[in-house]
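Q: Let me begin by handing over the structure; questions about it come next.
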Amino acid sequence: MSRPARNRVSGRALRVAALATSLVAVMLVALCVGTDIIVAHNLIGAADHRLVERIGRLGGPGQPAADVVAGGPAADHDHDYEQPVVTWLVGGGGVVAGPGAPQLPSSLRSVSGPVTASIAGTSFRVAGVDAPTGRVVGATSLAPVSQALGGAITGEVVLGALLLVLTFGGALVIGRRVAAPVEEMRRRQLAFTADASHELRTPLGVIEAEVSLALSAEPGIGAYREALEHVAGESGRMRRLVDDLLWLARFDDQPPPPSAEPVDVSAVVGGAVERFGAVAARRELQLRVRVPDAVATIDAPPEWIDRLTAVLIDNSCKYSPPGGVVTVTVEEHGARVQLSVSDQGEGIAPAERERVFDRFHRATSTGDGAGLGLAIAGSIVEATRGRCEVTTGPGATGTRFTVTWPRAAC
């Protein structure tokens, strides 16, 4: 892959990773905020429950004022893991504070339900209740709640940052793997368009030149006829090229059918060999066929296998020398069916064999093909779950295309 292509892949991968990380960050923040709100609500609710329960007991009848100020008898003192409740007794003689209780602001002397207030610079939950000896006001610090939330937020920040880093890294790797085939497809599409334009430009140029030459020459049936023959030949070449392009475009656009019918490869080969008999004779070639006595059946669309066979036979006929032999063979090997087409041409160099199925790629400069026939064959082999192998005979002469498929289930 070229440097500009790698840069485009990296840019797309970075954008995908940034977008994925942003989405995860938004969801993570929303989840953490919601969790923190719920935790804070539950912690404050637990503190309110202890506070209301304590001052309710202290404000009950028969409670001595000393116990009210002290926060209750020793047996009712808070556990070590609970935040202590400080109390005040508000009566006609003023405010009496319990042990360790700071000064109670005047605005909180008549408080009823639990509220959050600041006393001596510290946040408390404060509640009050009427008592026979006056009014009991109690408070419990919110420091444990703040500490718990602070620890939770710290943990969320650390784990969240780690999660975002992993998300960005994972999305970057996935983005590169996704973007690379897209970039390769874009590159191949551009190359396909350029090659198609080049191949179509040649017959169009010939047609234009022939028409111009005929129009500039002296009027005559012979000159016009010769020009029209050349135009007809180039038009036929262009029509075949356009047909192949349309076939490949439809094949790429529409996925293979979900199910295929059983096809006897031997029967398809027999029909194709019969059609190419005249072509072989015109090129002074011998066309031989070997098929098994039993039916060699595979699951595939019949028209696809017929097109594949025709492409392979036509390709071998094009590149075989006059007097050569083109052999078409169908064999059965266990659970697989094999179709092979071999010729006696120049052969294909090892470096070119991997590219013979690329569109518009030609392994030799001889012949007048556009390099689409084997591309169609490769697409058919892949779509029908087959495998194709290209080999060259002894002495680097002759080419053999061997296609194998799974045998159709009986």
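The values are calculated or read from the model by the stated rules, or taken from the named source; none is laboratory data. Being a predicted model, the structure only gives us computed values, none of them experimental. Every residue, glycine among them, receives a Cβ derived from its backbone with ideal geometry; neighbour counts consider all protein chains shown. Ligands, DNA and RNA are stripped out before the accessible areas are found, and what is left, the full protein with its side chains, is counted by its heavy atoms. Shrake-Rupley method; radii C 1.70, N 1.55, O 1.52, S 1.80 Å.
Q: Which residues, counting only those in the range 142-180, are under 19 Å from His41 (Cα atoms) and among the hydroxyl-bearing types (Ser, Thr, Tyr)?
A: Matches in the range 142-180: Ser146, Thr154.
Q: If you check Arg6, Arg12, which single one turns out to be under 27 Å from the mean Cα position of the chain (by Cα), exposed (fewer than 15 other Cβ atoms within 10 Å of the Cβ) and at pLDDT below 90?
A: On inspection, the qualifying residue turns out to be Arg6.
Q: For residues that are hydroxyl-bearing (Ser, Thr, Tyr) and at pLDDT 85 or above, tally how many sit in the range 246-302.
A: Here the count works out to 2.
Q: Among the residues of the range 308-367, what is the count of those that are modelled with pLDDT of 85 or more, open to solvent by less than 30 Å² (accessible area, probe 1.4 Å) and in a loop (DSSP other than H, G, I, E, B)?
A: Residues that pass the stated criteria total 3.
Q: I've got another one for you. Only residues that are touching a Leu at 6+ places or on another chain (Cβ under 8 Å) and under 15 Å from Ala20 (Cα atoms): list them for the range 143-170, please.
A: Scanning the range 143-170 gives Gly160, Leu163, Leu164.
Q: Which residue pairs have Cβ atoms under 6 Å apart, sit 6 or more places apart or on different chains, and have a first residue in the range 112-131 that is closer than 16 Å to Leu58 by Cβ and a second that is among the basic types (Lys, Arg)?
A: Close Cβ pairs (under 6 Å, with a partner that is among the basic types (Lys, Arg)) amount to Pro114/Arg125; Gly128/Arg135.
Q: Filter the range 99-117 for residues that are more than 23 Å from Ser146 (Cβ to Cβ) and among the small types (Gly, Ala, Ser) and give the result.
A: Correct list: Ser106, Ser110, Ser112.
Q: Now a separate question. Could you please tell me which pairs satisfy a Cβ distance under 6 Å, a separation of 6+ or placement on different chains, a first residue in the range 32-47 that is open to solvent by less than 40 Å² (accessible area, probe 1.4 Å), and a second residue that is hydroxyl-bearing (Ser, Thr, Tyr)?
A: From the range 32-47, the pairs are Ala47/Thr140.
Q: I'd like the full set of residues that are open to solvent by 60 Å² or more (accessible area, probe 1.4 Å) and hydroxyl-bearing (Ser, Thr, Tyr), limited to the range 113-122.
A: Within the range 113-122, Thr116, Ser118 meet the criteria.
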